[in-house]
Amino acid sequence: MTAQTSTAPLAPASDTTRLGIIVMIVAILLFALNDAMGKWLVATYTIGQVLLIRSAAALAILAPFLWKGGLRPLVQVERPGLQFLRVLFSTGEVYGFYFAVAYLPLADVMTYWLAAPIYVAALSPLLLGERVGWRRWVAIFVGFVGVIIALDPSAAALTPPAVISIVGSFAFAFMLLSSRALRATPDRTLVFWQIVGAGLIGLVTAPFGWVTPTGTDFLLLALLGVVAMLAHVGVNRAMKLADAATVAPFQYMLLLWAVVFGWAFFGDIPRLEILIGGAIIVAAGLFIFFRERKVTAPVVAEH
């Protein structure tokens, strides 16, 4: 290829950043819609059915990109054992999420899942050898306090769905940790095996309690995979359009949308403990994120 000189002015950095923020907000809205649709569907259909049809639709959307990139990157992967563990974690967390939202308000479940970055920060020194300073340890402790407040661990509140939520959020954290350790693996390879893992557990469990979907519901089940795929693409695009420190905090809008959709679609009013605990978790997560960015930022020589 030869370089071409363009007379058109380059887009200002502020415009690109603004576009990145808009794309991230839309992507998070899509994730929230996906979660609300999932909660509505698991009230009628088994989790296995939801995972099976959702995964099939996602693979159909992903297939052209996988074909273009070739099959070799999908099978010749680095650290196969860790790849397998990552699939187990991702499958466990998505199954746990759908199980939890079948019984709990969206805001409750989303609060527990948003605590995953705090678990990652706490476990990264042990599992990845990353250094965590005292400020982040304080934020981690504060984040755990938020989780305890949200969980409200009394005999009446500590129900099986709440316990599954915590276990699922830890599975999500381990999935994030394994993703950090597999940075050299192409994104499409990670996504492919993640979808395959969810599809396989769906295939195994779907026959138990199968409910034949109506035409409309079948489309909605398939739409879960499509919407989730578009949301992932949106997040990745937003990260390329703008600095991560600018757009990543908008991911915490998931909690806001969970409260809104939970109230609008299911009549759920979040408990005060969830609101307080969620606010603490978000604050601790943001501090950890920005502190990591500051500590790991490269030193740039001034001229």
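Throughout, read-outs are computed from the coordinates displayed, never taken from laboratory work. Fair warning: this is a prediction, and the values are worked out from it, not measured in the lab. All Cβ positions, glycine included, derive from the backbone under ideal geometry; neighbour counts span all protein chains shown.
List of remarks:
- If the chain linking Val204 and Leu256 were pulled fully straight, counting 0.36 nm for each residue of separation and taking away their Cα-Cα distance, it would gain 15.3 nm.
- For the stretch 86-157, the Kirkwood hydrodynamic radius from C-alpha pairs, put into Stokes-Einstein at 10 °C and a viscosity of 1.306 mPa s, yields a diffusion coefficient of 115 µm² per second.
- In a fully extended conformation the segment linking Leu126 and Gln76 would gain 15.2 nm over its present Cα-Cα distance, using 0.36 nm per residue.
- Sorting the segments 72-78, 215-221, 145-151 by their residues' average number of neighbouring beta-carbon atoms within 10 angstrom, most packed first, yields 145-151, 215-221, 72-78.
- Grouping the Cα pair distances of the chain into 20 Å bins from zero gives a pair-distance distribution of 29, 59, 11, 0 percent in increasing distance order.
- Order of Met239, Met110, Met229 - criterion: other Cβ atoms within 10 Å of each residue's Cβ, fewest first: Met239, Met229, Met110
- Here the stretch 154-247 yields Rg over Rh of 1.04, to two decimals, using C-alpha coordinates and the Kirkwood radius.
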